[in-house]
Amino acid sequence: MISKENIIKRFVGYVTVDTESDPNSDTTPSTAKQWDLANALVEELKAIGMQDVTIDENAYIMATLPSNVNHEVPTIGFISHFDTSPDFTGANVKPQIHENYDGKDIVLNAEKDIVLSPDYFEDLLLYKGQTLITTDGTTLLGADDKAGITEIVSAMEYLIKNPEIKHGKIRVGFTPDEEIGRGAHKFDVQKFGADYAYTMDGSQVGELEYENFNAAGAVVTIQGKIVHPGYAKGKMVNSMYITTEYINSLPRLETPEHTEGYEGFFHLHTMTGEVDQTTLEYIIRDHDKEHFEARKEVMEKLAIEINSQYGREVITIEIKDQYFNMKEKVEPVMHIVDIAEEAMIQLGIKPLIKAIRGGTDGSQLSYMGLPCPNIFAGGHNFHGRYEYVPVESMIKATEVICKIAELTASKHK
């Protein structure tokens, strides 16, 4: 049995270390404080008995659990990231443990009247009677993805302590900067040496994902002309007015708050503006590659149209691809998804096979030659004050890792 107390202790130890990443930094890791947890993880992996434990100059951690069978088995990997999102502060996390959740409101912070309520977050009702770990309402929790790290380390420890469970060679990898899109950028796939891997970075129990968004970022710059407003007639060009034309000309209902499932979107996430110049930052997402390319074309054509209206270049746009749908790389080796699905079924977990409305390290790693589906880590409401994780979900994810290792060995006898 996986120890509930050990899971809680390990997870709390991880989330109380601030590892927030920084998209404005050009170092790897993007923040020096990520080293604090990275170095601690290296020592912990050694302490539980992992072999070939390494950490490189960019804080990428790798370790090996050797095979305990005599026959040839593919080397499998399990990967998580230790940074937390810059969307909300990860400093001074004070996790709260709620045993035997009763299905009612959870007061995270009475003084600030911050309440985690099933009236708004209906998923809470899935976990009545379980032990939930929440924030105190002033920070994120960090279950994304310290729950995944907890599960991988705990699974390796369990397999080491229970050698009667037969498995092939297992590699584990922990990365920095996933939350700012760089988690896989300096991951050495050849050094990792796995035939395939799984990221433990999903949400609800049972999630198993091998499709994700195609993703791009767009920076739109609108140029105006500033003159004294008292003498501006025929001379001033207010970039913010042109900006509203651009924003309102994109499909209004193709935004995150109006889409779900396989529906893509345009998302304006940052806007800074003055009369002289306004800058918009968008992310573009779509599961379908043709639709994805069409979305980029829509943004570019709109800029051309507005420029033609003004008779000069008032809008410039720069679009950069970020990652692509891993489905193309995973489908040729679908047995790795099948094994994960079978592991869940054998453990009494209903698999929820669906497309990720986002991306993981796995999407980039798949295009780097390491097919890498994503498995649930158990947390909910990532990147904010209402984040929580059921302890029982982390235990189940830990059991799934062990079962995948066992099934992989048994299927290759």
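For segment 303-315, check the following and say yes or no: at least one residue is modelled with pLDDT under 95, out of contact with any Cys (no Cβ under 9 Å at 6 or more places or on another chain) and surrounded by 18 or more Cβ atoms within 10 Å (Cβ to Cβ).
no
So the check is Cβ under 8 Å with 6+ separation or different chains; which pairs have a first residue in segment 262-278 that's touching a residue at least 12 places away in the same chain (Cβ under 8 Å) and a second one that's open to solvent by 60 Å² or more (accessible area, probe 1.4 Å) and of a type in the set (D, E)?
Hits for this filter: Y262/D288; G264/E254; G264/D288; F265/E254; F266/E254; L268/E281; H269/E281; M271/E281.
Determine which member of the set V93, V17, V12, V73 is surrounded by 14 or more Cβ atoms within 10 Å (Cβ to Cβ), touching a strand residue (DSSP E or B) at 6+ places or on another chain (Cβ under 8 Å) and at pLDDT 95 or above. So that I can check it myself, show each step before the final result.
On the way: V93 fails: touching a strand residue (DSSP E or B) at 6+ places or on another chain (Cβ under 8 Å); V17 fails: touching a strand residue (DSSP E or B) at 6+ places or on another chain (Cβ under 8 Å); V73 fails: touching a strand residue (DSSP E or B) at 6+ places or on another chain (Cβ under 8 Å).
Step by step, each of V93, V17, V12, V73 is checked, and only V12 is surrounded by 14 or more Cβ atoms within 10 Å (Cβ to Cβ), touching a strand residue (DSSP E or B) at 6+ places or on another chain (Cβ under 8 Å) and at pLDDT 95 or above.
If I filter segment 96-131 down to residues being among the aromatic types (F, W, Y), out of contact with any His (no Cβ under 8 Å at 6 or more places or on another chain) and within 22 Å of V12 (Cβ to Cβ), which single residue comes out as surrounded by the most Cβ atoms within 10 Å (Cβ to Cβ)?
Going through segment 96-131, the residues among the aromatic types (F, W, Y) turn out to be 101, 120-121, 127.
Narrowing the set further to residues that are out of contact with any His (no Cβ under 8 Å at 6 or more places or on another chain) leaves 101, 120, 127.
Among the residues that remain, those that are also within 22 Å of V12 (Cβ to Cβ) are: 101, 127.
On the way: Y101: 19, Y127: 23.
Taking the candidates together, the pick is Y127.
Name every residue in segment 203-226 that is open to solvent by 10 Å² or more (accessible area, probe 1.4 Å), among the aliphatic types (A, V, I, L, M) and farther than 26 Å from E260 by Cβ, in order of residue number.
V219, I226
Among (1) farther than 14 Å from S239 by Cα; (2) part of a loop (DSSP other than H, G, I, E, B); (3) open to solvent by 60 Å² or more (accessible area, probe 1.4 Å), which single condition is N325 missing?
Among (1) farther than 14 Å from S239 by Cα; (2) part of a loop (DSSP other than H, G, I, E, B); (3) open to solvent by 60 Å² or more (accessible area, probe 1.4 Å), the lone unmet condition for N325 is (3).
Scan segment 186-202 and give yes if some residue there is open to solvent by 10 Å² or more (accessible area, probe 1.4 Å), within 23 Å of Y388 (Cα to Cα) and either touching a Ser or Thr at 6+ places or on another chain (Cβ under 9 Å) or in a helix (DSSP H, G or I) (or both), otherwise no.
yes
Tell me which residues, restricted to segment 222-261, are closer than 30 Å to R357 by Cβ and in contact with a helix residue (DSSP H, G or I) (Cβ under 9 Å, 6 or more places away or on another chain). Outline the logic, then answer.
The initial filter retains those residues of segment 222-261 that are closer than 30 Å to R357 by Cβ, namely 222, 243-261.
Across segment 222-261, the qualifying residues are I222, E245, Y246, S249, L250, P251, R252, E254.
Of everything in segment 80-90 that's among the small types (G, A, S) and in contact with a helix residue (DSSP H, G or I) (Cβ under 7 Å, 6 or more places away or on another chain), which residue is surrounded by the most Cβ atoms within 10 Å (Cβ to Cβ)?
Checked segment 80-90; the qualifying residue surrounded by the most Cβ atoms within 10 Å (Cβ to Cβ) is S80.
Restricting attention to segment 292-307, does a residue exist that is of a type in the set (D, E) and either over 21 Å from S239 (Cα atoms) or touching a Lys or Arg at 6+ places or on another chain (Cβ under 9 Å) (or both)?
Step one: list which residues in segment 292-307 are of a type in the set (D, E), which gives 293, 297, 300, 305.
When the remaining residues are screened for being either over 21 Å from S239 (Cα atoms) or touching a Lys or Arg at 6+ places or on another chain (Cβ under 9 Å) (or both), the result is 293, 297.
Yes: one or more hits.
Out of (1) under 15 Å from the mean Cα position of the chain (by Cα); (2) open to solvent by less than 30 Å² (accessible area, probe 1.4 Å), what's the single condition that is false for M344?
Single failed check for M344: (1).
Does segment 23-43 hold any residues that are open to solvent by 40 Å² or more (accessible area, probe 1.4 Å), touching a residue at least 12 places away in the same chain (Cβ under 8 Å) and over 17 Å from V93 (Cβ atoms), and which are they?
So the first thing to find is which residues in segment 23-43 are open to solvent by 40 Å² or more (accessible area, probe 1.4 Å), and the list is 23-24, 26-27, 32-33, 35-36, 39-40, 43.
From what's left, touching a residue at least 12 places away in the same chain (Cβ under 8 Å): 23, 33, 35-36, 39-40.
Across segment 23-43, the qualifying residues are P23, W35, N39.
Inspect all residues belonging to segment 110-124 and state whether any of them is closer than 19 Å to A377 by Cα and of a type outside the set (D, E). Please lay out each step first, then the result.
The first filter runs over segment 110-124 and keeps only residues closer than 19 Å to A377 by Cα, leaving 121-124.
Imposing the further condition that a residue be of a type outside the set (D, E) reduces the set to 121, 124.
Yes - at least one qualifying residue is present in segment 110-124.
Are there any pairs, at least 6 apart or on different chains, whose C-beta atoms fall under 7 Å, with the first in segment 82-103 and more than 20 Å from L37 (Cβ to Cβ) and of a type in the set (F, W, Y) and the second open to solvent by less than 30 Å² (accessible area, probe 1.4 Å) and not in a loop (DSSP other than H, G, I, E, B), and if so, which?
Y101/Y127; Y101/L132
So, K301, is that one out of contact with any strand residue (DSSP E or B) (no Cβ under 9 Å at 6 or more places or on another chain) and assigned to a loop (DSSP other than H, G, I, E, B) or not? Break it down into steps so the answer makes sense when it comes.
Numbers: out of contact with any strand residue (DSSP E or B) (no Cβ under 9 Å at 6 or more places or on another chain): yes; assigned to a loop (DSSP other than H, G, I, E, B): no.
Taking the combined requirement at face value, the residue does not satisfy it.
In the set K166, K161, which member is free of Cβ contacts under 8 Å to residues at least 12 places away in the same chain and more than 20 Å from I55 (Cβ to Cβ)?
Working: K166 fails: free of Cβ contacts under 8 Å to residues at least 12 places away in the same chain.
The unique qualifying residue is K161.
Just to verify a result, which residue in segment 227-245, among those that are without any contact (Cβ under 8 Å) to a residue 40 or more places away in the chain and outside any helix (DSSP H, G or I), is most open to solvent (accessible area, probe 1.4 Å)?
Only one residue fits best here, namely K233.
The values are calculated or read from the model by the stated rules, or taken from the named source; none is laboratory data. Because the structure is a prediction, the values reported are computed rather than measured. No Cβ is skipped: glycine too gets one built from the backbone with ideal geometry, and neighbour counts run over all protein chains shown. What goes into the accessible areas is simple: the full protein's heavy atoms, side chains included, and nothing from ligands, DNA or RNA. Shrake-Rupley method; radii C 1.70, N 1.55, O 1.52, S 1.80 Å.
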